[in-house]
Amino acid sequence: MRRSILNELTQFLESSPSCFHAIYNIKNILSKEQFIQLHENKKWQLRRGGRYFVTRNDSSIIAFAVPEQDMSGMRIIASHSDSPAFKVKENPELETDDRYIRLNVERYGGMLCAPWLDRPLSVAGRVIAKDRQGGLRSHLVNIDRDLLLIPNLAIHMNRDANNGYKYNAQKDMLPLYGSLTAKGTFMKMIADAASADESAILGHDLFLYNRQKASIWGASKEFISCGRLDDLQCAFASLKGFLAGEKTAHLAVYCVLDSEEVGSTTKQGAASTFLYDTLTRIHNSLGYTREDYLIHLADSFMISADNAHAVHPNHTDKADPSNRPYLNGGIVLKFNANQKYCTDGISAAMFRDLCNTADVPVQTFVNRSDMAGGSTLGNISNTQVALNTVDIGLPQLAMHSPYETAGVEDTDYLIRATEAFYC
Ligand code: ZN
């Protein structure tokens with residue numbers, strides 16, 4: 001894989017400790033490429049050949065490029081910005097034994113708990129503060145140092161620890177923040193990071209994140225590990241493909257949506273009207289009718305890009321006997337008879353055809369028939385904007401760990417496929 005792309009990917013992952021940071025970074029990349037920011041609360045006046053983006057909740061983004069000529073349908077890619085993590089609760093400080101200050105947190109999404117223990121963590125997200133003019137302003141916050149840790153219980157105090165352990169999120173997963181001298185300082189630290197007075201902070205969405213940097217490792221440096229590969233690896237690769245693609249024949253649409261890890265049913269998630277509203281407004285502003293929109297939709301294709309499970313080297317029996325994706329083996333086409341993944345014969349054929357054109361290898365994933373798998377945003381988005389859609393992802397291990405592992409080659413495959421897609 002091109003070394004520069006790998007560097008860009010690790011930089012993107014490390015500088016995106018929360019969904020708000022991911023969207024902020026994507027906005028910056030798009031702005032540098034002359035994309036113009038639109039606002040949902042202002043009138044849109046679009047022109048042919050124009051490039052735009054719009055955000056919702058600062059945690060979802062849709063960018064699009066309008067072709068100069070009359071469009072022949074739309075080409076849409078969607079991935080997600082959020083990752084499972086622990087969210088800081090209101091009134092977070094917990095005084096313990098007059099000796100410790102812990103933070104009270106709750107689970108966001110379905111994470112693996114064990115790998116959150118015994119490693120340096122910190123906090124990132126956003127705070128909403130009252131500004132001097134009396135308005136409310138959102139500030140990104142990242143305490144960029146080792147700040148917290150969730151210590152394991154010693155083996156001597158739980159001899160059964162290695163025989164399987166049921167984690168209690170309220171008891172086992174609270175991070176240690178400091179000794180008693182830390183009492184009353186947490187929100188002050190957050191306020192300082194936002195350059196705001198503590199009393200001015202009226203709301204927050206703060207998450208724990210793993211401090212360990214990305215690593216390229218293995219005998220031939222063939223693996224990459226980092227937090228949030230699911231799904232920022234797809235968000236990054238499809239952004240690179242979106243920027244590189246010609247975008248002359250179709251309306252090219254790039255989406256990164258929040259809330260996938262909690263079912264997508266928020267105002268900014270895939271189940272919301274965000275994509276529908278955006279596509280409708282694009283059509284209205286360009287002078288198209290609803291009839292035109294429906295005709296375009298029937299001629300459109302969507303790639304729902306969310307990482308996939310590679311065969312695990314220690315658990316090869318967990319994979320389907322005849323559909324076995326591996327790291328560095330190419331893009332994974334995901335199938336599920338019950339349509340948790342919306343790939344069908346038609347969309348599989350369209351995607352395989354695209355990858356053949358781009359000379360990109362494709363692998364297939366299907367759950368073992370005796371195991372229920374995950375789901376993703378493709379079929380959820382289809383309930384708002386219904387079109388031919390394929391579910392794909394990049395192969396990875398340890399999904400929903402705070403330190404996931406993927407192959408170094410696969411990002412480039414998705415960049416090449418999506419570049420060819422946005423023709
Ligand atoms: Zn995902």
task = Considering (1) without any contact (Cβ under 8 Å) to a residue 40 or more places away in the chain; (2) within 16 Å of the ligand (Cβ to nearest atom); (3) of a type in the set (S, T, N, Q), say which one residue 266 fails and leave the rest.
result = (1)
message = Taking the condition of being away from the ligand (no atom under 12 Å from the Cβ) and either surrounded by 24 or more Cβ atoms within 10 Å (Cβ to Cβ) or in a loop (DSSP other than H, G, I, E, B) (or both), how many residues in the range 378-391 meet it?
response = 8
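Of all the residues that make up the range 392-404, how many are in a loop (DSSP other than H, G, I, E, B) and either more than 10 Å from the ligand (Cβ to nearest atom) or of a type in the set (Val, Ile, Thr) (or both)?
Residues that pass the stated criteria total 5.
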key: Residues satisfying the stated conditions in the range 144-174, i.e. modelled with pLDDT of 95 or more and hydroxyl-bearing (Ser, Thr, Tyr)   = 167
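Mind checking whether some residue in the range 220-230 is basic (Lys, Arg), over 18 Å from the mean Cα position of the chain (by Cα) and outside the structural domain of residue 417 (by TED's automatic domain parsing)?
Looking only at the range 220-230, we keep the residues that are basic (Lys, Arg), and these are 221, 228.
From what is left, the residues that are over 18 Å from the mean Cα position of the chain (by Cα) are 221.
Still in the list and also outside the structural domain of residue 417 (by TED's automatic domain parsing): 221.
Looking for residues that are basic (Lys, Arg), over 18 Å from the mean Cα position of the chain (by Cα) and outside the structural domain of residue 417 (by TED's automatic domain parsing), one finds at least one in the range 220-230, hence yes.
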query = residue 148: aliphatic (A, V, I, L, M), farther than 30 Å from residue 49 by Cβ and surrounded by 15 or more Cβ atoms within 10 Å (Cβ to Cβ), yes or no?
reply = yes
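Taking residue 417, is it under 20 Å from the mean Cα position of the chain (by Cα), aliphatic (A, V, I, L, M), more than 16 Å from residue 309 (Cα to Cα) and not in a loop (DSSP other than H, G, I, E, B)?
yes
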request  = Output the residue which, of all residues in the range 58-85 that are within 16 Å of the ligand (Cβ to nearest atom) and under 14 Å from residue 300 (Cβ atoms), is surrounded by the most Cβ atoms within 10 Å (Cβ to Cβ).
outcome  = 78
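The values are calculated or read from the model by the stated rules, or taken from the named source; none is laboratory data. Just so we're clear, the structure is a prediction, and the values are computed from it rather than from any experiment. Heads up, the Cβs are rebuilt from the backbone with ideal geometry, glycines too, and the neighbour counts pull from every protein chain shown.
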